[in-house]
Amino acid sequence: MKFLFSENFSKKALHFYNSFVNLLVILTVPIIIFTLITAIFIILYDLRLFTAHIVEGELRLEHEEAFKLLIKNILNFFVLIELFRVFLDVIEYKRIRKRQMLEAGIVFVVREIVIAMFEHRFSYTDLIGYAALLIALGVTYILMEKSWIEITRLSRYRPVDRDLSRRMRQIYRKMKVRKIEE
């Protein structure tokens, strides 16, 4: 049992964990790139369908469906980009940033609202739920930004340094006065 709490075991376990995470990252990055490229091709294909309906003058109902599909896939692409930004932050900093998770959540909620709007399937309960979720995410994001601004502003203020520099100037002035008197 002491072996589990030894420093050597914890170093080996941490090294194994970091190696495993690095391997997962190496395997996941090509999948992310492939997914983004596939999403772009899907958007281009939907755009071709949409323009074909306009050029050929087909039925209006099919034109609307092609437009809805194009919008849905573009919004899916934005959500993918936000999620991959979060993943790349995890790779770079070895932690999840709350701010980017909130941004991804806001983009996802807006995507759902736009899709529901295009499909004309809003009920008042859906609208209240989306509004509450969007307000909660937005307020949380604003509070996090405000606290971040306060933290950076306060980190620039160093009263010890100011007091020290003021005291050093006073000492320097006294030394000048004494040299002039002598």
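The values are calculated or read from the model by the stated rules, or taken from the named source; none is laboratory data. Only a predicted model underlies this, so the values are computations on that prediction, with no experimental measurement involved. Glycine gets a Cβ as well: all are built from the backbone with ideal geometry, and neighbour counts include every protein chain shown.
Within region 72-87, take every residue that is closer than 19 Å to Ile33 by Cβ and either basic (Lys, Arg) or without any contact (Cβ under 8 Å) to a residue 24 or more places away in the chain (or both) and give me the one that is surrounded by the most Cβ atoms within 10 Å (Cβ to Cβ). Per the stated criteria, the residue is Leu83. Screening region 105-142 for residues that are more than 21 Å from the chain's Cα centre (by Cα), β-branched (Val, Ile, Thr) and over 19 Å from Asn76 (Cα atoms) and picking the one that is surrounded by the fewest Cβ atoms within 10 Å (Cβ to Cβ) gives Thr125.
Kindly establish whether Leu69 is part of a helix (DSSP H, G or I), of a type outside the set (Lys, Arg), touching a Phe, Trp or Tyr at 6+ places or on another chain (Cβ under 9 Å) and closer than 21 Å to Ile37 by Cα. Yes: the conditions hold for Leu69.
Total residues in region 89-131 satisfying the condition of being within 16 Å of Leu69 (Cα to Cα), in a helix (DSSP H, G or I) and touching a residue at least 40 places away in the same chain (Cβ under 8 Å): the figure is 3.
For the condition without any contact (Cβ under 8 Å) to a residue 40 or more places away in the chain and exposed (fewer than 12 other Cβ atoms within 10 Å of the Cβ), Phe9 does not qualify. Does Val86 qualify as being part of a helix (DSSP H, G or I) and either at pLDDT 85 or above or touching a strand residue (DSSP E or B) at 6+ places or on another chain (Cβ under 8 Å) (or both)? Judged against the criteria, Val86 is not a match.
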